[in-house]
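The values are calculated or read from the model by the stated rules, or taken from the named source; none is laboratory data. This structure is a prediction, so every number in the text was calculated from the model and none was measured. Neighbour counts run over all protein chains shown; Cβ positions are idealised from the backbone, glycine included. Accessible surface is based on the protein model in full, side chains and every heavy atom, while ligands, DNA and RNA are left aside. Shrake-Rupley method; radii C 1.70, N 1.55, O 1.52, S 1.80 Å.
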Amino acid sequence: LLVSSRRHRLATKSEFDMTPSVHWTEPELAADPPPDRPVLVRTEYVVPPENHDEFREVMRRLGRSRRRTGAHRWSLYQDAADHNRFVENYLVGSWEEHMRQHYERQTANDQAIKRRALAFTENGEAPTAQHLIFAYDS
């Protein structure tokens with residue numbers, strides 16, 4: 001017996017723009033990181049109180065995007081001392097993987113999610129990300 005349902009449908013290609021998109025500003029580096037060392041990326045956002053719920057919701061989607069493009073772990077924290085300050089962290093297995101994440105795996109859909117998140121921030125601009133390289137040899 002075959003049962004079909006319209007309740008759960010798959011998204012069509014036209015609903016997601018999977019066109020490759022390089023929309024990343026390279027970080028300023030003191031030296032070239034070893035390509036095989038893990039990278040912790042940390043980004044701070046300032047979000048007005050009226051946008052907290054919407055920001056948290058769109059950041060869930062951004063977290064899925066980060067993991068789809070290569071992050072092993074992703075998290076979003078809200079500052080206990082300043083509730084308008086949110087900190088995103090994600091871990092990528094190596095600097096080389098992080099470069100692939102930005103130059104090979106990002107899509108126009110990923111960029112749209114990021115723009116949506118930034119629309120809920122105080123100034124709507126992309127904050128500077130910190131790139132922390134694992135301190136020990138692999």
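Before moving on, here are some points about what is shown:
- Positions within segment 74-104 being among the hydrophobic types (A, V, I, L, M, F, W, C) and not in a loop (DSSP other than H, G, I, E, B), in sequence order: W74, L76, F86, V87, L91, V92, W95, M99
- In this structure, Y77 does not satisfy being at pLDDT below 95, aromatic (F, W, Y) and open to solvent by 70 Å² or more (accessible area, probe 1.4 Å).
- The listed residues are P127, P35, and the only one of them that is open to solvent by less than 70 Å² (accessible area, probe 1.4 Å), outside any helix (DSSP H, G or I) and modelled with pLDDT under 95 turns out to be P127.
- For segment 100-117, a residue qualifies if it is among the aliphatic types (A, V, I, L, M) and either open to solvent by 80 Å² or more (accessible area, probe 1.4 Å) or without any contact (Cβ under 8 Å) to a residue 60 or more places away in the chain (or both), and exactly one does: I113.
- Residue that is open to solvent by 70 Å² or more (accessible area, probe 1.4 Å), out of contact with any Ser or Thr (no Cβ under 9 Å at 6 or more places or on another chain) and closer than 20 Å to R115 by Cα, where the choices are R42, R61: R61
- V92 being touching a Phe, Trp or Tyr at 6+ places or on another chain (Cβ under 8 Å), within 21 Å of T128 (Cβ to Cβ), crowded, with 16+ Cβ neighbours inside 10 Å and at pLDDT 95 or above: no
- Across segment 52-73, the qualifying residues are those that are among the small types (G, A, S) and outside any strand (DSSP E or B), and the one among them that is modelled with the highest pLDDT is G63.
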